[in-house]
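Worksheet for the structure shown next.
The values are calculated or read from the model by the stated rules, or taken from the named source; none is laboratory data. Everything numeric here is computed off the predicted structure, so don't read it as measured data. Cβ placement follows ideal geometry from the backbone for every residue including glycine, while neighbour counts extend to all protein chains displayed. The area values use the complete protein model at the heavy-atom level, side chains included, leaving out ligands, DNA and RNA. Shrake-Rupley method; radii C 1.70, N 1.55, O 1.52, S 1.80 Å.
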Amino acid sequence: MSDLLLVCRLTLICVLAVAGLAKLRDRSRFATALGDLTSVPAAARPALAVLVPAAELLAAGLLAVPRTLTAGLAVAAALCAAFSVVAVTTMRRRSPAGCPCFGSRTTVPMGPWHVARNAALTVLALLGGVIALTQGATAPYDAPALVLAVAVAGYLTTLAVFTDDLALFFSAARTGQR
């Protein structure tokens, strides 16, 4: 189980760090995207454009330290659940708003892919929390388990970061546009 905890931990660290850094890199674009996604007042967008990525980076930092792992998992679960709510709300409004999750690089409308990604990340955080609370947060890792955990976390991170590209690819394939 400690190997599964490591996969959860590494995946969440990477995804949250990439998301937080991408949003900070272009805060004004992220602030604009916030207005497209939700009914956030214009005056609050600049602050949220800093606070959301700061929370993501805080969670990644907490996840990196064994003593703060459970707190990091709790923050990650709360963030990912909140992102799921934003995705569902945006879909229900039938808004054409794209996901600013990893730096607003595509114009794919928020959809089931985004909900699934955020729900899966929430489950990873909750699963990691259950493992950490029931079995402890530290355990020695042997080399093969560490390599496998890093590979799986890398794969899951890639899927999470490129959700928009996958959604665009499959929507184009479905409509016959390639």
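Results, tabulated for the structure shown:
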quantity	calculated
Values of log10 I(q)/I(0), in the order q = 0.11 Å⁻¹, for region 30-123 under a Debye, Cα-only, solvent-free model	-0.33
Hz values of 3J(HN,Hα) by residue in region 52-60 - Karplus curve (6.51, -1.76, 1.60), Gly and Pro given as x	5, x, 5, 5, 5, 5, 4, 4, 4
Solvent exposure of region 1-142 as accessible area per residue, Å², 1.4 Å probe	49 Å²
Neighbour cut-off at most 16 other Cβ (10 Å), DSSP loop, chymotrypsin sites (Phe, Trp or Tyr not before Pro), region 1-104	none
Mean separation of Cα contacts under 8 Å (6+ apart) over length of the chain, as relative contact order %	32 percent
